[in-house]
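Visitor: Once you've had a glance at the structure underneath, I'll fire off some questions.
The values are calculated or read from the model by the stated rules, or taken from the named source; none is laboratory data. What you see is a predicted model, and the numbers here were worked out from it, not measured in a lab. With ideal geometry, Cβ positions are generated from the backbone for all residues, glycine too; neighbour counts draw on all protein chains shown.
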């Protein structure tokens, strides 16, 4: 008899049918989160909690103490009072001796349609074109699923893989990617494009991310163009770094 299931994906029909079936059969489940949770799905997780037995559903966070809705947060896997996390992204390169990147622009993705036609990509391109004539060392890191973007990128903008360069960057800028908030929780300087605010859950701004201090609007962009990096606020001064326990470091009896 199956006593538990482990979910490394979620929010698709097949996986959620499996989860609902497990709840009805008294089978426990653990979901390994792979991103931030939208307000819409937060309501769904509330429903899951209501129809399940106590301690039947557990979650493992993507990054230590990355904010999640209450119904998820209250059911995190903890060991000795510390939150267990499973960083299921490619490991960040720790070689920060290479040439430092001033700003990494994190490319986004959309579920439906062509990202190159989206307002989010327009903001990324506008930012790169505006600053391509400055002395700033810029790098664009596209989402792995985004293809055919080369023709839009200014020639003097570097391209790279985020996991290989994120630790060498001074600032990270993007719209709503989970990696932005993971980076913030680990003490990196992060800025959010103003247009990305509507895609970010409200609970992120209550006691985690300094919304009013770290938004990249047109005024801040102009200051960055004229004054350089000194014009940007350092979000690292707001970050409350808390160490959790890496799931891979646990000894399982």
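Visitor: Pick out the one residue from 54, 90 that is in contact with a helix residue (DSSP H, G or I) (Cβ under 7 Å, 6 or more places away or on another chain) and in a loop (DSSP other than H, G, I, E, B). So that I can check it myself, show each step before the final result.
Guide: Working: 54 fails: in contact with a helix residue (DSSP H, G or I) (Cβ under 7 Å, 6 or more places away or on another chain).
Only one candidate passes the filter, namely 90.
Visitor: Under the condition of being assigned to a strand (DSSP E or B) and out of contact with any helix residue (DSSP H, G or I) (no Cβ under 8 Å at 6 or more places or on another chain), which residue from segment 1-30 is farthest from residue 76 (Cα to Cα)? Steps first, answer last, please.
Guide: Here is the first cut: in segment 1-30, the ones assigned to a strand (DSSP E or B) are 4-7, 28-30.
Filter once more, so that each one left must be out of contact with any helix residue (DSSP H, G or I) (no Cβ under 8 Å at 6 or more places or on another chain): 4, 6, 30.
Working: 4: 16, 6: 14, 30: 9 Å.
So, considering only residues that are assigned to a strand (DSSP E or B) and out of contact with any helix residue (DSSP H, G or I) (no Cβ under 8 Å at 6 or more places or on another chain), the one farthest from residue 76 (Cα to Cα) is 4.
Visitor: Looking at segment 221-249, which of the residues that are surrounded by fewer than 16 Cβ atoms within 10 Å (Cβ to Cβ) and in contact with a strand residue (DSSP E or B) (Cβ under 7 Å, 6 or more places away or on another chain) is modelled with the lowest pLDDT?
Guide: 246
Visitor: In segment 135-150, what residues are modelled with pLDDT of 90 or more and either over 21 Å from the mean Cα position of the chain (by Cα) or not in a strand (DSSP E or B) (or both)? Don't jump to the end; show me each part of the working.
Guide: Taking segment 135-150 and keeping what is modelled with pLDDT of 90 or more, we get 135-141.
Selection gives 135, 136, 137.
Each row is one residue, and each column tells you yes or no for (1) in contact with a helix residue (DSSP H, G or I) (Cβ under 7 Å, 6 or more places away or on another chain); (2) without any contact (Cβ under 8 Å) to a residue 24 or more places away in the chain.
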{"position": "131", "(1), (2)": "yes, no"}
{"position": "135", "(1), (2)": "no, no"}
{"position": "138", "(1), (2)": "yes, no"}
{"position": "142", "(1), (2)": "no, no"}
{"position": "147", "(1), (2)": "no, yes"}
{"position": "150", "(1), (2)": "no, yes"}
{"position": "154", "(1), (2)": "yes, no"}
{"position": "158", "(1), (2)": "no, no"}
{"position": "162", "(1), (2)": "yes, no"}
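Visitor: With segment 161-220 as the region, which helices (runs of 4 or more DSSP H) entirely inside it contain at least 1 residues that are farther than 25 Å from residue 122 by Cβ, modelled with pLDDT under 85 and more than 12 Å from the chain's Cα centre (by Cα)?
Guide: Numbers: elements: 162-165, 178-185, 204-207.
Per the criteria, 204-207.
Visitor: Scan 78, 43 and give me the residue that is free of Cβ contacts under 8 Å to residues at least 24 places away in the same chain, more than 23 Å from residue 188 (Cβ to Cβ), out of contact with any strand residue (DSSP E or B) (no Cβ under 7 Å at 6 or more places or on another chain) and surrounded by 11 or more Cβ atoms within 10 Å (Cβ to Cβ).
Guide: On the way: 78 fails: out of contact with any strand residue (DSSP E or B) (no Cβ under 7 Å at 6 or more places or on another chain).
Of the residues listed, the single one that is free of Cβ contacts under 8 Å to residues at least 24 places away in the same chain, more than 23 Å from residue 188 (Cβ to Cβ), out of contact with any strand residue (DSSP E or B) (no Cβ under 7 Å at 6 or more places or on another chain) and surrounded by 11 or more Cβ atoms within 10 Å (Cβ to Cβ) is 43.
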